[in-house]
1. Here is a list: B:Leu99, B:Leu92, B:Leu61, B:Leu104. Which entry is in contact with an Asp or Glu (Cβ under 9 Å, 6 or more places away or on another chain) and more than 25 Å from B:Phe208 (Cβ to Cβ)?
2. Does A:Asp49 count as of a type in the set (Asp, Glu) and over 23 Å from B:Asn483 (Cβ atoms)?
3. Looking at B:Leu410, B:Leu376, which is the one that is within 24 Å of the chain's Cα centre (by Cα) and at pLDDT 90 or above?
4. From B:Asp506, B:Asp402, B:Asp432, B:Asp439, which residue is in contact with a Lys or Arg (Cβ under 9 Å, 6 or more places away or on another chain), loosely packed, with under 13 Cβ neighbours inside 10 Å and away from every other protein chain (no Cβ under 13 Å)?
5. Which residues, taken from the stretch B:328-356, are crowded, with 18+ Cβ neighbours inside 10 Å and either farther than 26 Å from B:Asp314 by Cα or in contact with a Gly (Cβ under 7 Å, 6 or more places away or on another chain) (or both)?
6. Quick check: anything in the stretch B:568-578 assigned to a helix (DSSP H, G or I), farther than 30 Å from B:Val669 by Cα and away from every other protein chain (no Cβ under 14 Å)?
7. Report, by residue number, each residue of the stretch A:1-14 that is touching a residue at least 24 places away in the same chain (Cβ under 8 Å) and within 14 Å of another protein chain (Cβ to nearest Cβ).
8. Is it the case that some residue within the stretch B:613-621 is outside any strand (DSSP E or B) and at pLDDT below 90?
Amino acid sequence: MGKKTVLIVDDDMKFAENLGKYLSIVGYEVNAVGSGESAFKLMKNNKPDILLCDLKLSDMDGDKIIKEVKEVSPDTALFIISAYIDPYVEKRFLKQGIPFIKKPVLFDDVVELLKKAMP
Amino acid sequence: MGYKEHFILALAATAITTLILGIFVIFQDRKNKLFLAFSLYSLSISWWCFSQIGNVYGPSLEASWFWARFEHIGVVFIPTFFLHFTVLLLGLKNKGMLLKVCYLISAVTASTFPTSLISPSAEKKVNGLINFGEPGIIYPFILIFFALLTVYCLIKIFTAQRQATGSRKTQLGILFWSSVIGYIGGSFNFFLVYDISVYPLNPFGTYFVALYVLATFYAIFKYNLLGIEVIIKKTLVFAGLSAFVVGVFVAATFITQELLGSIIGIPKVWTYVVSALLIAALIDPIKNFLVNITNKYLFQKKYNPTQLIKTFTDDVISLMDLDRLVRTTVTTLADTLKLESSAILLLNKDEDKHVLRDSYGVKDVDEINLSVDSSLAKYLSRTGEVLLRKEDSPNEIKEDMDKVNAALALPLILHKQMIGVITLGKKRSDQDYTEEDIDILTALTKAETIALSNARLFTEAKQNVKLAAIGALAAGINHEVCNPLNRMMSAMQIFWKSVDLGLYKDKSEEELLQMSRDVMNDAMNDIRKIASITRKLSDFAKPSRDAIAEKINIVESLQETLGVLGHEIKLKRIEFIKDAKDPLFIMADRDQIQEIFFNIIRNAIQAVKENGKISFSAQKKENKIIIDITDTGLGISKDKIQKIYDPFYTTKAETKGTGLGLAIVRQLVNKNRGDISVRSQIGRGTTFTLEFPRSD
């Protein structure tokens, strides 16, 4: 079946680029966007296999994104990458089965997580 | 004036004053036994004096003899009434029998007046200057009875005076000494019976009795001897007013009739009209004048209880700030009740002590605290009642109260727990706390307890708000620090991993060097960002130093600010309009005001496009200076305008602003006792309005 597709949504473009580059090296097909709107536009036509998303985007919060993605693309594996540390918030997402990756991120950890979720 | 005349004058003076005193006292309260006893005592002295005038004057020996016997009806009752008065005044117990016996003796003796037992005749005495009764058979007995009872009563009063405190002590002191002097002076009258005249005590000694009357009046008014709430104010005022009315009438009559009437003939009716007009016009002012005079000179300066309650509820109880609440409490109580000292102690649960929180007029402030285990604290906690320090209080309680300088202790009870105590020192007038005082203070302590509880809750609420703000801050910090770190790490990771995976095999050394330089440069920028944010945050979280207020001219402050920003303004070709009349003074911190102006104007510069306008106007308005800083920039939408002061709220691109500027500005404005507000319209622009109190 070809490469797994990853969509990174983070308003820190430099970071999104670098992570994207690494994930491509490792073998994923990567797209990176900086806002929720752009993400949904993309997802209309191409449902990604994996979504890596920040909680605090410039135009919307992570909760909204998660809800929308679940509706629009229920098969996509969801991961949160965020600087936000609130144990309650973390628990909330974990309860939904959404792993929470804390910034600053180590690329190898991300890759391991992705492999585990989607071997 | 001869001996006889002096004597009669002294007797008359005494007779009248004791009569007035006796009537006055009984009129205050007919049902009061103490008043009645004193009144009868006074009236019996009056009886004695009046009768003795007859005795001395005669005019015949026959008449003198009658008066001599009549006189002694009063005389034998004087000691008995004095005894009764003393028993009631001092609260002596088990004297019922003694009193009955004395009354019996007095009555029996008095009943012999028609006979010659008291006095068989009257003779000329003192070298014929006066008439006087001769001593009868039972006369020496009367003397002994009089002397014994009098001495007994005086001893009792003296002892009580020694043991008493405060105003009671003074009352009894006055009573004792004036009685002694009165008795000494008056007793020389008895010696006349034996034709013993000791000059000058005869005849002037009788004046001492009158003196005693005046002293008693003084004790009544000033030291509340019989607890009389004096209705005399009204009597005196009424008397004064009557005198005024009569005076006006007389004067008007005199002027119109005698003076003018001799020049022009004026019908009598005009006198009446003029008098009536004058009286009507002046009666109220005169009444107020009299009331004030009597209040000022005759009466214990009593505080107005309604005033105390009003002041307390208006000024004290509504305070939410704990420090101000305790401060105002102690000063209001001390001022209104005219106390030497007052203090408030609050429970420190950790140390199990009530610790001094604020005080007025108290020395050795550090020594003052009250252990929860002390007798006083236990008593107050158990009863929940106000405690007055009395001579017969238990010793430990007295000691505890002395340690905190307390004449009165008011426990503060909340939900059945004692959260503190208010201690009041002595009144400056040395008077005691009355029942009324205690009732009012009891009510006020209940209100105070609620106020304290509110202030505590308010402080906690503020803490919680602060904690919530800190929570928000912490989240913000994390974001502002983590993202740059993340960025750096991602750049480094991708570089090294690419190198390790051999992706840069074909790059030259120079190219690799340049790439690593880029990574490091980016990293350094990020590190600078983090350093700046942590600095700004420590500025914000541990906010700016306290404002050092001085009189500054805000027009000058604006100039300084423009000195820094002027270049940018020119660069963007922004029109800067200044509308402020130099000078405009406020009391504020110079640096902080500049920082405020700097932040707002810089925001304006960044909001405005090229060729836009920024205006700064400052006006005096009543006791404030109003400053408006307006820009013709993009404006802020209604839903965002609430957030502009939130820390980290910023619409600027990440590298351009931290979002702390306005949050800090608001803090600084508040520190300098000012206010900040904002109006904005999308597309039109924004105006920040600052208000500061004037200083000129």
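1. Details: B:Leu99 fails: in contact with an Asp or Glu (Cβ under 9 Å, 6 or more places away or on another chain); B:Leu92 fails: in contact with an Asp or Glu (Cβ under 9 Å, 6 or more places away or on another chain); B:Leu104 fails: in contact with an Asp or Glu (Cβ under 9 Å, 6 or more places away or on another chain).
One residue alone meets the criteria, B:Leu61.
2. yes
3. B:Leu410
4. On the way: B:Asp506 fails: in contact with a Lys or Arg (Cβ under 9 Å, 6 or more places away or on another chain); B:Asp432 fails: loosely packed, with under 13 Cβ neighbours inside 10 Å; B:Asp439 fails: in contact with a Lys or Arg (Cβ under 9 Å, 6 or more places away or on another chain).
One residue alone meets the criteria, B:Asp402.
5. Of the stretch B:328-356, the ones crowded, with 18+ Cβ neighbours inside 10 Å are B:328-330, B:332-334, B:337, B:339, B:341-347, B:353-354, B:356.
Those that are crowded, with 18+ Cβ neighbours inside 10 Å and either farther than 26 Å from B:Asp314 by Cα or in contact with a Gly (Cβ under 7 Å, 6 or more places away or on another chain) (or both): B:Ala334, B:Leu339, B:Ser341, B:Ser342, B:Ile344, B:Leu345, B:Leu346, B:Leu347, B:Lys353, B:His354.
6. Of the stretch B:568-578, the ones assigned to a helix (DSSP H, G or I) are B:568-571.
Imposing the further condition that a residue be farther than 30 Å from B:Val669 by Cα reduces the set to none.
No, because not a single residue in the stretch B:568-578 is assigned to a helix (DSSP H, G or I), farther than 30 Å from B:Val669 by Cα and away from every other protein chain (no Cβ under 14 Å).
7. Those that are touching a residue at least 24 places away in the same chain (Cβ under 8 Å) and within 14 Å of another protein chain (Cβ to nearest Cβ): A:Ile8, A:Asp10, A:Asp11, A:Asp12.
8. No, the stretch B:613-621 contains no residue that is outside any strand (DSSP E or B) and at pLDDT below 90.
The values are calculated or read from the model by the stated rules, or taken from the named source; none is laboratory data. These figures come from a predicted structure and were not determined experimentally. FYI the Cβ positions are ideal-geometry reconstructions off the backbone, even for glycines, and counts take in every protein chain you see.
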